[in-house]
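What follows is one structure encoded as structure tokens, with my remarks underneath.
The values are calculated or read from the model by the stated rules, or taken from the named source; none is laboratory data. This one's a predicted model, so the numbers in the text were calculated from it and none came from an experiment. Neighbour counts run over all protein chains shown; Cβ positions are idealised from the backbone, glycine included.
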Amino acid sequence: MPLDPAFTGRSYPPSQPYDVSREKIREFAEAIGATSQAYFDADAAKALGHRDVIAPPTFAIVVSMKTNETVMFDPELKLDYSRVVHGDQNFTHHRPITAGDQLVSVAHIDSITSRMGNDMVTVRTEISTVDGELVATAKSMLVVRGEDA
Amino acid sequence: MTVEVGTELPALSVRLRRADLVRYAGASLDFNPIHWNEKTAKEVGLPDVIAHGMLTMAVASRIVAEWIGDPGAIVEYGCRFGRPVVVPNDDEGALVEVTAKVTKDFEDGTVKVNINAAFDGKSVLTGAFARVRVS
């Protein structure tokens, strides 16, 4: 059954604060084989003008994951998670995510469209500090494959 | 740093093996079994276990981060997930070859870098780009 386009514009409650740690950044940076010292060494990051080690650009997906799950598992939206494929992803960084940040995510459904039996859902997650400073915007387009697609 | 349109970034080759997928699953908290379990992957019609699209995207970001020196200069990064990177259960894994080129000067201190990530001779990310602060 196609998703109801009336859910476009729906916003979800803010997440619990996510505490960004040096160790989680290190773990993520190692998992992607990164060598940039700004991910690992606070002094190297400070020499570049950052407060502490910074996170790789795609780390925002970890911060926003719980929030995106509230959309995917929204019982009213009735999205079949087993049919979801990640279509595209975009991150805008107002500043890099930095160790010590306490981040809150808010998810919004920007669009729902249907084409050739598939539904396309664009979820925009705004990531801010607990003090309200906007840090990053993550946009995920999810494709929900239709029963016959 | 002066950067001209047309500048090619130093290329990057990354080999992804099953162990890398498991490590990324843990680090990213994305435990979808199609990224580590052959049985599940084949049940949903995939040829074998595939890498997380987000892992390929993250690996491709390294070409820009390592070139620019300060990864905090990447102000935007986006792509579409065109094809899966299939990772067999052997020592070879899958070789992802990343190339990138400066394609546009926004004339506000940022440039556009187009990124190509290829596996098996075919592009796996579509329209991948980063907007990078260079001054």
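Overview of results
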{"quantity": "Check on A:E23, more than 24 Å from B:G53 (Cβ to Cβ), surrounded by fewer than 18 Cβ atoms within 10 Å (Cβ to Cβ) and not polar (S, T, N, Q)", "calculated": "yes"}
{"quantity": "Criterion: more than 23 Å from B:P84 (Cα to Cα), among the hydroxyl-bearing types (S, T, Y) and either touching a Cys at 6+ places or on another chain (Cβ under 8 Å) or modelled with pLDDT under 95 (or both) - qualifying residue of A:T92, A:T98, A:T35, A:T67", "calculated": "A:T67"}
{"quantity": "Criterion: of a type in the set (A, V, I, L, M, F, W, C) and farther than 27 Å from A:T122 by Cα - qualifying residue of B:V59, B:V134", "calculated": "B:V134"}
{"quantity": "Criterion (surrounded by fewer than 16 Cβ atoms within 10 Å (Cβ to Cβ), within 14 Å of chain B (Cβ to nearest Cβ) and either at pLDDT below 95 or over 12 Å from the mean Cα position of the chain (by Cα) (or both)) met by exactly one of A:D80, A:D74", "calculated": "A:D80"}
{"quantity": "Enumeration of residues in region B:120-135 that are in contact with a helix residue (DSSP H, G or I) (Cβ under 8 Å, 6 or more places away or on another chain) and part of a strand (DSSP E or B)", "calculated": "B:L125, B:A128, B:A130, B:V132, B:R133"}
{"quantity": "Matching option when the condition is within 9 Å of chain A (Cβ to nearest Cβ), of a type outside the set (D, E), surrounded by fewer than 18 Cβ atoms within 10 Å (Cβ to Cβ) and within 21 Å of B:K122 (Cβ to Cβ), among B:R80, B:R17", "calculated": "B:R80"}
{"quantity": "Number of the condition not met by A:G33 [criteria: (1) in contact with a Ser or Thr (Cβ under 8 Å, 6 or more places away or on another chain); (2) buried (at least 16 other Cβ atoms within 10 Å of the Cβ); (3) not in a helix (DSSP H, G or I)]", "calculated": "(1)"}
{"quantity": "Which listed residue is touching a Lys or Arg at 6+ places or on another chain (Cβ under 6 Å), polar (S, T, N, Q) and within 14 Å of chain B (Cβ to nearest Cβ), from A:N68, A:N90", "calculated": "A:N90"}
{"quantity": "Single residue of region A:36-62 satisfying the filter (assigned to a loop (DSSP other than H, G, I, E, B) and crowded, with 22+ Cβ neighbours inside 10 Å) that is farthest from the other protein chains (Cβ to nearest Cβ)", "calculated": "A:V53"}
{"quantity": "Failed item, numbered, when A:F40 is tested on (1) without any contact (Cβ under 8 Å) to a residue 40 or more places away in the chain; (2) on the phi > 0 side of the Ramachandran plot", "calculated": "(2)"}
{"quantity": "Cross-chain or 6+ apart pairs with Cβ under 6 Å, region A:1-14 first and modelled with pLDDT of 90 or more, then among the polar types (S, T, N, Q)", "calculated": "A:T8/A:S111; A:Y12/A:T70"}
{"quantity": "Some residue of region B:46-54 being surrounded by fewer than 17 Cβ atoms within 10 Å (Cβ to Cβ) and aliphatic (A, V, I, L, M)", "calculated": "yes"}
